[in-house]
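The structure appears below as structure tokens.
The values are calculated or read from the model by the stated rules, or taken from the named source; none is laboratory data. It should be emphasised that the depicted structure is a prediction, and the values quoted were computed from it without experimental measurement. Reconstructed Cβ throughout: ideal geometry from the backbone, glycine too, with neighbour counts over all protein chains shown. These accessible areas exclude ligands, DNA and RNA; they are computed on the full protein's heavy atoms, side chains included. Shrake-Rupley method; radii C 1.70, N 1.55, O 1.52, S 1.80 Å.
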Amino acid sequence: MRVTIVENTPSTQHGQVGIALHEAGAAINLIKPRNGEALPLSPDTDALVVFGGEQYADDVETHPYLDPLADLMRAYSLADKPVLGICLGSQILARAFGGQNLRGVAVEAGWCEVTPLPEAAEDAVMQAATGPFRIYQMHTDTFTLPENAVRLASSPVAENQCFRIGRATYGMQFHFEANRNVAAAWNREFPDVIEGTRKGWVQDMPAEAEKWGAAADETGLALARAWVALI
């Protein structure tokens, strides 16, 4: 199993997704396009993961690689190779299939509640999450649902928390990869960004991690394993 991972920020951590890929013995092809590393022109591995970042998903003037990345996500999907976009990755994926990016209208930070929709009960990945669950969030943007996408989970702040296109293309607005260790690392590495999204979070996080973190880690790993099983 060979999986391409695209990192959009210097502080990317693979968390629960990394654990699930390691368990499956996946060989990782890591690409950091914001550092000038080239994206492939066509799918050349078995699956594609695109992680989050602080940039806007449609800010192609500042980050011109975002258009080729959207094209690559679409190409993997059309080749029936599993695709996973998380947070920024989900926003890029939505744009790749005709969705509209919406800036600054959906602020969620911390372990927030997400509700699976009825369609999730029969979905290969989202059925791993039972009932409403708390999961880590850190975003200000959202997107409109692409045509032919199936909405699988929602929240009061961001309607499109998870969607699927085809067999195995998933966009997840929430950071299910972010376990408690990842959340703590983000607080250390870019506290100004964190505080700009939710004032007081750097101080509040340990108490909320104690309350919600263990269950969120379990849910995140279950979702990660379910997606990796599609490869």
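Annotations for the structure displayed:
- Identity of the residue in the range 37-61, at pLDDT 95 or above and open to solvent by 60 Å² or more (accessible area, probe 1.4 Å), that ends up nearest to A224 (Cα to Cα): D46
- Residue selection: G85 fails the criterion of being within 26 Å of V182 (Cβ to Cβ) and at pLDDT below 95.
- Exclusive hit being assigned to a helix (DSSP H, G or I) and open to solvent by less than 10 Å² (accessible area, probe 1.4 Å), set A153, A185, A158, A178: A185
- Under the condition of being open to solvent by less than 20 Å² (accessible area, probe 1.4 Å) and closer than 23 Å to A184 by Cα, the residues counted in the range 102-150 number 12.
- Set G52, G25, G15: member being of a type outside the set (D, E, K, R) and out of contact with any His (no Cβ under 9 Å at 6 or more places or on another chain): G25
- Any hit, the range 189-203, residues being under 30 Å from P43 (Cβ atoms), in a helix (DSSP H, G or I) and open to solvent by 20 Å² or more (accessible area, probe 1.4 Å): no
- Boolean, V202 is touching a helix residue (DSSP H, G or I) at 6+ places or on another chain (Cβ under 8 Å) and farther than 30 Å from L48 by Cβ: yes
- Flag for G166 being modelled with pLDDT under 95 and at positive phi: no
- Residue check, L223 in a helix (DSSP H, G or I) and either under 16 Å from the mean Cα position of the chain (by Cα) or buried (at least 22 other Cβ atoms within 10 Å of the Cβ) (or both): yes
- Taking first residues from the range 106-133 that are on the phi > 0 side of the Ramachandran plot and partners that are assigned to a loop (DSSP other than H, G, I, E, B), the Cβ contacts under 8 Å between residues at least 6 apart in sequence or on separate chains come to G110/R198.
- Residues of the range 68-101 classified as farther than 17 Å from D141 by Cβ, open to solvent by 20 Å² or more (accessible area, probe 1.4 Å) and in a strand (DSSP E or B), total: 0
- Pairs linking a residue in the range 205-231 that is closer than 19 Å to A121 by Cβ and polar (S, T, N, Q) to a residue that is open to solvent by 20 Å² or more (accessible area, probe 1.4 Å) and in a helix (DSSP H, G or I), with Cβ atoms under 8 Å and 6 or more positions apart or on different chains, are T219/A128.
- With respect to the conditions (1) of a type in the set (A, V, I, L, M); (2) closer than 29 Å to Y76 by Cβ; (3) touching a strand residue (DSSP E or B) at 6+ places or on another chain (Cβ under 7 Å), A215 lacks only one, and its number is (2).
- Positions within the range 139-160 being among the acidic types (D, E) and in contact with a strand residue (DSSP E or B) (Cβ under 8 Å, 6 or more places away or on another chain), in sequence order: D141, E159
- Look at the range 1-28: where a residue is within 26 Å of Q55 (Cα to Cα) and open to solvent by 10 Å² or more (accessible area, probe 1.4 Å) and a partner is aromatic (F, W, Y) and not in a loop (DSSP other than H, G, I, E, B), sitting 6+ places away or on another chain with Cβ atoms under 7 Å, you get S11/W186.
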